[in-house]
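Report on the structure given below.
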């Protein structure tokens with residue numbers, strides 16, 4: 001286990017999930033299964049996330065990723081005020097932001113949604129950390145020496161982007177619950193997308209990390225809707 005800690009984590013979490021599913025009442029298990037079958041988009045997201053992870057083995061893909069990263073990380077005028085704005089905006093994808101939003105929802109009387117926000121934030125964090133440990137992809141500034149870093153150097157691994165995952169999870173969960181109009185829907189996903197862009201801007205993630213985070217977070221939001229139902 002010391003030599004294969006990521007594998008041990010994966011096995012442990014898989015066993016935990018199996019025990020949890022066996023513990024659930026049969027009616028709940030059937031409900032989950034039926035709702036999952038009715039979500040072809042969720043299955044497509046899962047396949048897309050897996051393909052993105054496999055694409056990391058492709059050397060040409062790494063070169064394209066590095067080129068796209070440098071294009072978004074270095075291109076254009078970067079005044080200090082913009083650096084500070086982007087550095088602050090990226091924190092919307094912090095897990096703490098999900099907790100704060102959950103508290104607001106709780107005191108606004110939307111307690112079940114608040115619980116789901118907390119549960120989704122915590123479980124998403126575990127999944128992101130597990131995938132990072134398994135994929136073991138370094139941060140862009142380790143291989144791309146020209147990378148421009150805004151703020152501190154991020155620790156840990158790069159794939160997928162946890163901030164982007166959290167931002168898209170919150171957007172998808174809120175859209176599924178409130179069923180907003182097209183303008184509000186567009187605003188929520190525009191904020192999530194901008195969080196993903198800031199992760200490249202500050203030098204913390206490659207574009208594929210951000211894309212994988214968007215897919216994972218959106219899928220987690222759809223799963224959250226199933227759990228809430």
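The values are calculated or read from the model by the stated rules, or taken from the named source; none is laboratory data. Just so it is clear, the structure is predicted and the values come from calculations on it, not from any experiment. Using ideal geometry, Cβ is built from the backbone for each residue, glycine included, and neighbour counts are taken over all protein chains shown.
Here are the numbers:
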item	result
Residue in the range 195-203 that is part of a loop (DSSP other than H, G, I, E, B), touching a residue at least 24 places away in the same chain (Cβ under 8 Å) and surrounded by 20 or more Cβ atoms within 10 Å (Cβ to Cβ) present	yes
Single condition residue 102 does not satisfy, out of (1) in contact (Cβ under 8 Å) with a residue 40 or more places away in the chain; (2) under 21 Å from residue 187 (Cβ atoms); (3) buried (at least 20 other Cβ atoms within 10 Å of the Cβ)	(1)
Residue match in the range 177-191 (condition: touching a helix residue (DSSP H, G or I) at 6+ places or on another chain (Cβ under 6 Å), buried (at least 16 other Cβ atoms within 10 Å of the Cβ) and at pLDDT below 90)	yes
Flag for residue 211 being within 12 Å of the chain's Cα centre (by Cα) and either in a helix (DSSP H, G or I) or outside the structural domain of residue 94 (by TED's automatic domain parsing) (or both)	yes
Residue satisfying condition, being within 10 Å of the chain's Cα centre (by Cα) and more than 25 Å from residue 87 (Cα to Cα), within set 167, 219	219
Out of 156, 151, 162, sole residue that is buried (at least 20 other Cβ atoms within 10 Å of the Cβ), within 18 Å of residue 69 (Cβ to Cβ) and either touching a helix residue (DSSP H, G or I) at 6+ places or on another chain (Cβ under 9 Å) or outside the structural domain of residue 211 (by TED's automatic domain parsing) (or both)	162
Test: residue in the range 68-80 that is exposed (fewer than 14 other Cβ atoms within 10 Å of the Cβ), at pLDDT 85 or above, touching a helix residue (DSSP H, G or I) at 6+ places or on another chain (Cβ under 8 Å) and outside any loop (DSSP other than H, G, I, E, B)	no
Total residues in the range 102-134, condition out of contact with any helix residue (DSSP H, G or I) (no Cβ under 6 Å at 6 or more places or on another chain), part of a helix (DSSP H, G or I) and more than 15 Å from residue 164 (Cβ to Cβ)	10
